[in-house]
Amino acid sequence: MKSSKINNLQQEIIVIGSGVAGLASACRMAAEGNSVLVLESASTYGGKIGEYTKDGFRFDKGPSLFTLPEILDELFLDCGKNPRDYYNYLQLPIVTKYFFPDGSELNAYANLDAFKKELVDKLDEKADKLDAFFSQIEKVYEFVYPVFLANPLKEFYKNIKGSWWDNLKILLKMEAHRSLHSSNNAWFEHEKTVQLFDRFATYNGSNPYKAPATLNVIPHLEHQLGAYYVQGGMRKVVDSLYNLALDLGVRFEFNQSVENIAIKNGLATGVDTKIQQYQGSKVFCNMDVNMAYPKLLAEQKQPRLTLKQEKSTSALVFYWGMQITDSPLDVHNVIFSGDYKEEFACLEKGVLSDDPTVYIYISSKVDGKDAPANHENWFVMINVPPDSGQDWTSLKEKARKNILKKLAHQLGDSLEDKILFEEILDPIKIERETSSFGGALYGNSSNNMFAAFLRHPHRNNQIKNLFFVGGSTHPGGGIPLCLLSAKIAVNGSKKE
Ligand SMILES: Cc1cc2nc3c(=O)[nH]c(=O)nc-3n(C[C@H](O)[C@H](O)[C@H](O)COP(=O)(O)OP(=O)(O)OC[C@H]3O[C@@H](n4cnc5c(N)ncnc54)[C@H](O)[C@@H]3O)c2cc1C
């Protein structure tokens, strides 16, 4: 029989999972004076924001790009702390270095004017059209952020300000009715520019040929609001939140996998792990909703439409300790495929293209401590479909061969003998380590114009005192949106 743990019975807030959204929810609830307990099935906090170290090398295991630092800063400030006492970040001069199959290269400079000049000089883009594009996506973001991203799904209409005519103009500019690719194709002269801006669909695991053009708010974040490097690596994001949580008195129990959320008369009353029952006055669930409903809420009505949505892509990541000093790469690099449409058609079919777009992240280029002298830490990633029973052993072998072939062609050098050691992350591991359905990185994809409205809201109307946070919930995946999900859920919880 399970023992029953009754800690501060009426006051205890239970958080299931310590991903970035679980940690943020715990901090916000603790800062309000609540007693908070986080139950985490893994042996450490952070979920997908992991770290891997070996032989003097350090690798960020998951995220590599940090945007909207003000959202993380705001969390510390709301909790009465100075964010700079916990973490810091800096802007890199080049956001991403792009490589195309014909051997050409392009730098996406952090300075927007320099980036636009690069697009004009190298790809014959028209300066006035680029200005119009960046101005339009800024306006759309300024509308979407308060109306949709920073507030509960159901309250979006309450946050619409201004005249109906102004709002109608913005709604048309959002271009939810057409695909990101079709919009980019109309904006830009050169197919390479189209490919470069289409790539932003992958920032939430979507397909630019299906996802709405509203996703053009993502390049606004990266190129107008800025992309940043967290000093000490991305793991510092969750280290800082964990330290904040401890300072606020949050308690953690690791290796505690929650198996059931107890519901009595439409009210969440606690959770069960294998060995123990915990009673709580409120429960925050940071487990992917696609897993939480069938596993923790099996007897409750399932949100069928949400669970049925197409999942986001997953990733194959090769962590390579490289004996190399003079690679022509920057911190963030994208080596594009020759046929982007075919690459996404393969992902749709659940298979891998022979010519994948390869993303390489080398943090040792900015932080020498991440690799021994004369070495580099390569994080080499391709987008892959979420797991649906594929033979990942053979897919990994095939991907590795194709990546090495592509890099040899692009960089003019065979790299295999420079790899000192290798570790691989695949969809099966992502699912096993973080309970994310099929290893999808961002929950559901945004591959149709309704997807954003079908993400799970911060609560279920049928169950009181239960809140949902994280990348599978509104407003979506990626660190900043996960942080917003926690803020929305905590604010919502105060109304119950
Ligand atoms: C390879 C990769 C690259 C990425 N790149 C970027 C990027 O560059 N920028 C960016 O912003 N985002 C990126 N992301 C996405 C980002 O990492 C996620 O959106 C975000 O970290 C998800 O946080 P989350 O709060 O949803 O929780 P998760 O990280 O999914 O963590 C959930 C936690 O809950 C725990 N848990 C689950 N079920 C239970 C249970 N039943 N009981 C107890 N504990 C449980 C899990 O063990 C885990 O610790 C990337 C992700 C990956 C994997």
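Read-outs: derived from the displayed coordinates by stated rules, not from any lab. Nothing here was measured: the structure is a model prediction, and the numbers come from that model. So basically every Cβ, Gly included, is an ideal-geometry build from the backbone, and we count neighbours across all protein chains shown.
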FRET efficiency, 1/(1 + (r/R0)^6) with R0 45 Å, evaluated for GLN323 and PHE453 via beta carbons | 0.35
Gain in span if fully extended, LYS129 to HIS409, counting 0.36 nm per residue against the direct Cα distance = 97.4 nm
Over the chain, what relative contact order in percent results from Cα pairs under 8 Å that are six or more residues apart?
-> 23 percent
Hz values of 3J(HN,Hα) by residue in segment 132-139 - Karplus curve (6.51, -1.76, 1.60), Gly and Pro given as x | 5, 4, 5, 5, 5, 5, 5, 4
Taking the chain and counting helices only, DSSP H stretches of n ≥ 4 at -39,500 (n - 2.57) each over all residues, the nearest-500 ellipticity at 222 nm comes to -10000 deg cm²/dmol
In nanometres, the difference between 0.36 nm per residue of separation and the alpha-carbon distance of ILE160 and GLU423 is 89.9 nm
Where only alpha carbons of segment 427-466 are counted, the Rg and the Dmax (Å) = 13.1, 33
Whole Å is fine, so just give me how far the alpha carbon centre of segment 236-305 lies from that of segment 347-399.
-> 31 Å
Could you sort 88-97, 63-72, 199-208 so that the peptide with the highest average Cβ count within 10 Å comes first and the rest follow in order?
-> 199-208, 63-72, 88-97
Partner lysines for LYS274 [C-alpha distance under 17 Å; skip if fewer than 8 residues away on the same chain] = LYS2, LYS5, LYS295
Check each of the trypsin sites (Lys or Arg not before Pro) in segment 282-326 and keep only those in coil by DSSP with at most 14 other C-beta atoms within 10 angstrom; list them in order.
-> LYS301
Stokes-Einstein D in µm²/s, Kirkwood radius over Cα pairs - segment 111-225 at 37 °C with 0.692 mPa s viscosity = 222 µm²/s
Note the count of lysine pairs whose C-alpha atoms are less than 17 angstrom apart in segment 111-225, limited to pairs 8 or more residues apart or on different chains.
-> 16
Taking R0 as 35 Å and r as the Cβ-Cβ distance between ASP55 and ASN260, the FRET efficiency 1/(1 + (r/R0)^6), rounded to the nearest 0.05, comes to 0.25
Which lysines have a Cα less than 24 Å from the Cα of LYS369, not counting those fewer than 8 places away in the same chain?
-> LYS48, LYS54, LYS61, LYS97, LYS236, LYS418
Sort CYS79, CYS27 so that the residue with the fewest other Cβ atoms within 10 Å of its own Cβ comes first and the one with the most comes last.
-> CYS79, CYS27
Looking at the chain, what % of the alpha carbon pairs are farther apart than 44 Å?
-> 12 percent
Extension gain, LYS369 back to LEU246 (0.36 nm per residue minus Cα-Cα distance, nm) = 41.6 nm
